[in-house]
Amino acid sequence: MSSILTNKVRTFIAYLLAILTLIALIIFIALRQTSELDFTMYKPYEPIIIDGMKNTIIVSVLALIGSMILGFIFFLMQKSKIKYFNALIDVLTEIVYGTPLMVLIILMGFLIGPAFGLRDITYVGVYALVIYMAPYMKNVFKSAFSSISDEQYLAMDLFGFTSFQRYLYIIFPQAIRILMPPMMNNFSLIIKGSALLHFLSYFELFQAISSAQSRTFAFVEGYLLMWVLYLIITIPLSQMTKWIERKWSL
């Protein structure tokens, strides 16, 4: 018990020192600046920045849900005995892996979306993020479901489980513990990637602060503010991922 407590104290001290080191570095950088930073110029733009932050979270949550659904469909298609499905998913995966997110968003906005009658930039942006993240989600499902042993599949065959019953009662309850941490990591990637939706003029956090920057000309302060606000969104997610890993001893 005492060794566990000692280890926790050491961990706490190590994190405290790390945070103090970074704060000292930030203070050093701030003191070395030749001009003063003035964040008060962004005060009048607080409402639009808050709206941009809300839109970033909304579009990211929608993209997470959509990519989970599409990623699971991709996973099922790759496991299918139909060779065409296997090949289609492999080709799509390679294309997405080799495509920068910025390029995909622009293509979705100006070529693919209009070809399917999609004009709303919110939906176009969400679809772009969903398509980009789906192959990564597919891999998350693949690694999580590979943890189910062959003996369990044999038992499911023995008891005559349908595919739906297998996933609902046996596979998902076990795989969810493995799925959660990478899902949270992917969610963090989606949030950061959503900044590229400003290429479609979608009013998310990056676009909101860029709009304020064009009026205040306080570019350094704007990027610092943007950095802090993205950290406010992503650090809790990162900490939640670590908590889940500790909670379920993954």
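The values are calculated or read from the model by the stated rules, or taken from the named source; none is laboratory data. Fair warning: this is a prediction, and the values are worked out from it, not measured in the lab. Virtual Cβ from ideal backbone geometry, glycine too; neighbours counted across all protein chains shown. Quick note on the areas: whole protein, heavy atoms, side chains included, nothing else; ligands and nucleic acids left out. Shrake-Rupley method; radii C 1.70, N 1.55, O 1.52, S 1.80 Å.
A compact table of results
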item: In the stretch 1-57, the residues that are closer than 15 Å to residue 216 by Cβ and hydroxyl-bearing (Ser, Thr, Tyr); result: 35, 40, 42, 45
item: Of the criteria (1) free of Cβ contacts under 8 Å to residues at least 12 places away in the same chain; (2) open to solvent by 70 Å² or more (accessible area, probe 1.4 Å); (3) within 18 Å of residue 62 (Cα to Cα), which one residue 118 fails; result: (2)
item: Residues of the stretch 65-103 classified as open to solvent by less than 40 Å² (accessible area, probe 1.4 Å), free of Cβ contacts under 8 Å to residues at least 40 places away in the same chain and more than 12 Å from residue 135 (Cβ to Cβ), total; result: 2
item: Hey, residue 225 assigned to a helix (DSSP H, G or I), at pLDDT 90 or above and more than 24 Å from residue 103 (Cα to Cα) or not; result: yes
item: Pick from the stretch 80-116, criterion of a type in the set (A, V, I, L, M, F, W, C) and not in a helix (DSSP H, G or I), ranking: nearest to residue 202 (Cα to Cα); result: 116
item: Test set (1) open to solvent by 20 Å² or more (accessible area, probe 1.4 Å); (2) more than 30 Å from residue 149 (Cβ to Cβ) - residue 205 fails condition number; result: (1)
item: Lone unmet requirement of (1) at pLDDT below 80; (2) at negative phi for residue 216; result: (1)
item: Residue 141, sole failed condition from (1) open to solvent by 30 Å² or more (accessible area, probe 1.4 Å); (2) farther than 30 Å from residue 52 by Cα; (3) modelled with pLDDT of 85 or more; result: (1)
item: Set 132, 127: member being open to solvent by 20 Å² or more (accessible area, probe 1.4 Å), closer than 15 Å to residue 195 by Cβ and in contact with a helix residue (DSSP H, G or I) (Cβ under 9 Å, 6 or more places away or on another chain); result: 132
